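What follows is calculated from the coordinates using simple rules that are stated; it is not laboratory data. Note that the structure is a prediction, hence the values are computed from the model and not measured. For neighbour counting, all protein chains shown are included, and Cβ atoms are generated from backbone atoms with ideal geometry for every residue, glycine included.
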Amino acid sequence: MANIAVVLHGPNDLRVESIPVPEIKDNEVLLAMCSVGICGSDLKYWKYGKCGKFSLEKPMIMGHEGSGKVVKVGSGVKHLKIGDRVAIEPGVSCGVCRLCKTGRYNLCPRIFFCATPPDDGNLCRLYKHSAQFCFRLPDHVTDDEGAMLEPLAVAVYSCRKGKVGLGTKLLICGAGPVGILTLMVAKQNGATTVVITDIDETRLALAKSLGADFTIRVSSEKPEQLATNISEILGDHPDVTIECSGTNFGFSTGIYATLPGGCLVMVGRVPGDAEFPLNLAFTKEIDITGVFRYANCYPTALELVSKGVVDVKPLISHRFSLPDSVKAFETASSHDTKAVKVIIECGQN
């Protein structure tokens, strides 16, 4: 099988081109990629050539939300065989540093992570990956659902970091895929009341249909006013805020809205030069905690999907073939398309 990949050469310069078939090591598997989702970070690399602290320095294969089918197995791999379908956890840590040994492998300084400069991703026909970070999919779990485990793992980790549990009153800023999946995980964790905010009515309607108790469309009001509205709707302050919008407005709203002594989980990335009411956060003793990807969350995400506890399928709004990947990125970035999660099908039709 010839191998093609979606390669980012610079801002707004995305190309579908031929690449070599990778050679696997003893601990790796070669995968025929099935489904790959487009993430907000993918769109930032495509538009700006950077995301957070990472900047594109050379051409990079895109894609980190993926599922694939095993077509070749390294000699040291015992738990997978040819023909198995797997979900791909895109981060491969060193396994020997202090952070890896204490379970914080997502913070490993030597981690390989798909489609994060300088590492290539898996938006291609044939891709190799460490077998340790490939999770076999049951027959009833689809390829698309396998790809959706990646953003679902972010949601699982976010709820863990915020200690969302029985009786939690939760505010989620941002009703994109991660925000809506966080809503669904929070409900399964026992959160009794969840309010979610966004600028897009379509996404808020989807969030409402998937379990949100209250939705608020963000307009031009100041964060303080929105926080007041949230408290009036809840009849109280939220115990926990999970910020998924990656905006200054969302971060500030979380500080104003969260109950004194509560927790604010930062999933989104905000501009480094922005100003926030941090003194208020300190005075309220709000615990601000960051989320960087996830650790030890893929097994839980897979179990939630395989047992039907969380249904990720309603979030998938568009599908494209691999040769149409540029159109897929354009669709994912356009407000007019009302896209939520765009999936690229990598197999040959």
DSSP-loop chymotrypsin sites (Phe, Trp or Tyr not before Pro) across segment 1-65, with at most 16 other Cβ within 10 angstrom: none
Helix-derived mean residue ellipticity, 222 nm - over the chain, DSSP H n ≥ 4, -39500 (n - 2.57), to 500: -8500 deg cm²/dmol
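Under the Kirkwood approximation for Rh and a Cα-based Rg, what ratio Rg/Rh is obtained for segment 1-104?
Details: Rg = 15.8 Å, Rh = 15.8 Å.
Answer for segment 1-104: 1.00.
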Kirkwood estimate for segment 173-245, i.e. one over the average of 1/r between Cα atoms, Å: 12.2 Å
Principal axes of segment 118-183: Cα extent on each, largest first, Å: 44, 33, 22
For segment 255-349, projected area of the alpha-carbon convex hull averaged over all directions, nm²: 10.0 nm²
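Arrange the peptides 145-155, 190-200, 130-140 so that the one whose residues have, on average, the most other Cβ atoms within 10 Å appears first.
Final packing ranking: 145-155, 190-200, 130-140.
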Peptide ranges 251-257, 294-300 listed from the most packed, as the mean C-beta count within 10 angstrom indicates: 251-257, 294-300
Whole-angstrom gap from segment 199-240 to segment 41-92, using each part's C-alpha centre: 34 Å
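Over the chain, what is the percentage of antiparallel beta bridges among all DSSP beta bridges, to the nearest 5? Intermediate results must be reported in sequence, preceding the final value.
Numbers: 37 of 63 bridges.
In the chain, approximately 60 percent of DSSP beta bridges are antiparallel ones.
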Computed label-point distance, nm, for sites Lys25 and Phe214 using a 7 Å Cα→Cβ extension: 5.2 nm
Degrees separating the helix 223-234 axis from the principal Cα axis of the chain, which is the longest one: 80 degrees
Cα gyration tensor of segment 78-164 - equivalent ellipsoid semi-axes, whole Å, descending: 22, 18, 14
Peptides 176-183, 318-325 ordered by average Cβ neighbours within 10 Å, highest first: 176-183, 318-325
Farthest positive-ward along segment 26-124 dipole, Cα basis, beta-carbon charges - from Gly52, Pro117, Ser35: Gly52
Cα-Cα pairs of the chain separated by more than 27 Å (percent): 45 percent
Coordinate range along principal axes, alpha carbons of segment 167-289, Å, largest first: 37, 27, 24
C-alpha long axis of helix 143-161 to longest principal axis of the chain, angle in °: 40 degrees
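Counting each pair of different Cα atoms once, what's the Kirkwood radius of segment 167-207 in Å, rounded to one decimal?
Numbers: mean 1/r = 0.0996 Å⁻¹.
The answer is 10.0 Å.
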Long-range amide H partners of Phe320 with built H, under 5 Å: Ile343, Ile344, Glu345
Relative intensity, log₁₀ I(q)/I(0), of segment 202-243 from a Debye sum that treats every alpha carbon as a point, q = 0.18, 0.24, 0.29 Å⁻¹: -0.59, -1.00, -1.18
